[in-house]
Structures are given as C-alpha cells and as structure tokens.
1. If you go through segment 58-82, how many residues are in contact with a helix residue (DSSP H, G or I) (Cβ under 7 Å, 6 or more places away or on another chain), at pLDDT below 75 and surrounded by 12 or more Cβ atoms within 10 Å (Cβ to Cβ)?
2. Exposed (fewer than 13 other Cβ atoms within 10 Å of the Cβ), hydrophobic (A, V, I, L, M, F, W, C) and closer than 19 Å to residue 93 by Cβ - does that describe any residue in segment 127-136?
3. Is there a residue being farther than 30 Å from residue 171 by Cβ and either in the same structural domain as residue 161 (by TED's automatic domain parsing) or outside any strand (DSSP E or B) (or both) anywhere in segment 94-112?
4. The conditions are (1) out of contact with any helix residue (DSSP H, G or I) (no Cβ under 8 Å at 6 or more places or on another chain); (2) within 28 Å of residue 184 (Cα to Cα), and residue 141 fails exactly one of them. Which is it?
5. How many residues, within segment 113-139, are in a helix (DSSP H, G or I) and touching a strand residue (DSSP E or B) at 6+ places or on another chain (Cβ under 9 Å)?
6. Of the residues 85, 27, which single one is surrounded by 10 or more Cβ atoms within 10 Å (Cβ to Cβ) and at pLDDT 80 or above?
7. Hey, among 131, 121, which residue is on the phi > 0 side of the Ramachandran plot and of a type outside the set (Phe, Trp, Tyr)?
8. Given the conditions (1) touching a residue at least 60 places away in the same chain (Cβ under 8 Å); (2) closer than 10 Å to residue 103 by Cα, and given that residue 179 satisfies all but one, which numbered condition is not satisfied?
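The values are calculated or read from the model by the stated rules, or taken from the named source; none is laboratory data. Note that the structure is a prediction, hence the values are computed from the model and not measured. Cβ placement follows ideal geometry from the backbone for every residue including glycine, while neighbour counts extend to all protein chains displayed.
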Amino acid sequence: MRHRLRRQLTLPLVISIIALVIAASGTAAIAAVIITSNSQVAQNTISGHTPPKGDHANIIAGSLAASDLSPALRTSLKVHCPTGTLAAGDLCYDSTERAAASFFTALKTCASAGRRLWDYGDAALVFDHLGAPQPDQWVALVYTDDLVTYAGTIDEDDSRSLNYDDIDLVEVPKLPYRCITSPMN
C-alpha cells in the first residue's frame with residue numbers, strides 16, 4: 001500500500017494539491033497578507049471596504065459608499081456654513097444685515113470676506129428663510145442707461161411681497177446688504 005501511494009505521489013500531483021488548497025482558502029486572504037502598498041495593485045481594481053492606506057488611484061470609481069468611511073471622517077465631511085452665516089437652500093448668508101454702505105463698498109466688503117453680494121434670486125430665497133419683512137438692500141446688479149449708472153435693490157413689504165428697484169448711483173446712496181457664500185466642509 002505504501003509503495004502504491006509513493007508511486008502515485010508525483011511532483012505534478014503535489015503542485016496541484018497545493019494550488020487546490022490555495023484556491024480553496026481564498027485568494028483575498030492571501031492577497032491581504034501579501035499586498036502592503038498601493039503600488040502593488042493596478043489602478044481601478046479594488047472595490048469596497050478597507051483599501052490599503054495612502055493615495056487610492058487603484059480604487060474603482062464609485063465603488064465606495066459612506067459605509068466604507070470611518071464615522072469620524074463622515075462627520076468631518078458634512079457640509080456646513082461658515083461662522084456668522086446661516087443656510088438657505090444651497091447657500092450661506094450673513095445672519096445679520098451689514099451696516100448701510102454705498103453699492104461699491106458693499107461689493108468690496110463682500111469680496112474681502114471671500115464672499116459675494118447676492119443677486120435677486122439669492123435674496124428672495126434668504127428672505128423666505130428669514131420669515132419677516134426685510135428693508136431695502138443691495139443686490140449684485142449694475143447697469144448704465146444714458147450715462148447714468150444704476151444698481152439693483154430688493155426689499156420685502158409687510159405682505160411679504162418682493163419689490164425690486166434700481167437706484168441712481170450718482171447720488172451715492174447707502175443701503176444695508178448681506179454677503180453670501182457656498183457651504184463648505
């Protein structure tokens with residue numbers, strides 16, 4: 001019996017048995033032990049949970065979901081408005097109106113803060129969130145007609161109707177205004 005077993009135990013048979021054991025144990029388990037860096041993996045080949053650390057050019061685009069990220073990372077990625085602003089739709093606006101200023105001072109102040117002066121649509125959205133009538137305020141609209149430069153304004157009366165107007169900038173009027181920006185993480 002022993003002689004018969006030795007005769008059948010050839011090198012090709014031993015290699016086949018080893019290959020069968022490796023295949024049956026799962027290649028992912030072996031790969032997890034062997035792969036130690038992203039450079040060992042081709043681009044766009046890894047999907048799902050716990051990829052190697054570092055840059056992930058080898059992750060298949062769209063294969064990771066929020067459940068694949070750590071809870072701390074998920075929390076840090078939530079979009080929020082900067083300090084001193086509130087959210088309205090997809091923008092952040094100054095929580096209080098800024099002191100009355102000329103139109104160009106308002107533009108410059110918003111730009112200096114890394115923000116912008118709102119337009120009519122932005123102002124209408126914010127006014128709806130504020131829930132109370134709003135005084136006349138600057139909007140980012142400037143045009144010239146017959147050598148006179150006008151800037152746009154918006155306000156909301158007691159009936160919550162929006163009113164749009166243009167003011168001659170030669171008089172250098174001063175109105176309150178709000179700056180807006182995009183949410184960030």
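1. Residues meeting the conditions: 1.
2. Taking every residue of segment 127-136 in turn, at least one turns out to be exposed (fewer than 13 other Cβ atoms within 10 Å of the Cβ), hydrophobic (A, V, I, L, M, F, W, C) and closer than 19 Å to residue 93 by Cβ.
3. Checking segment 94-112: not a single residue is farther than 30 Å from residue 171 by Cβ and either in the same structural domain as residue 161 (by TED's automatic domain parsing) or outside any strand (DSSP E or B) (or both).
4. Just one mismatch for residue 141, condition (1).
5. The qualifying residues number 10.
6. 85
7. On the way: 121 fails: on the phi > 0 side of the Ramachandran plot.
After applying the criteria, what remains is 131.
8. Unmet condition: (2).
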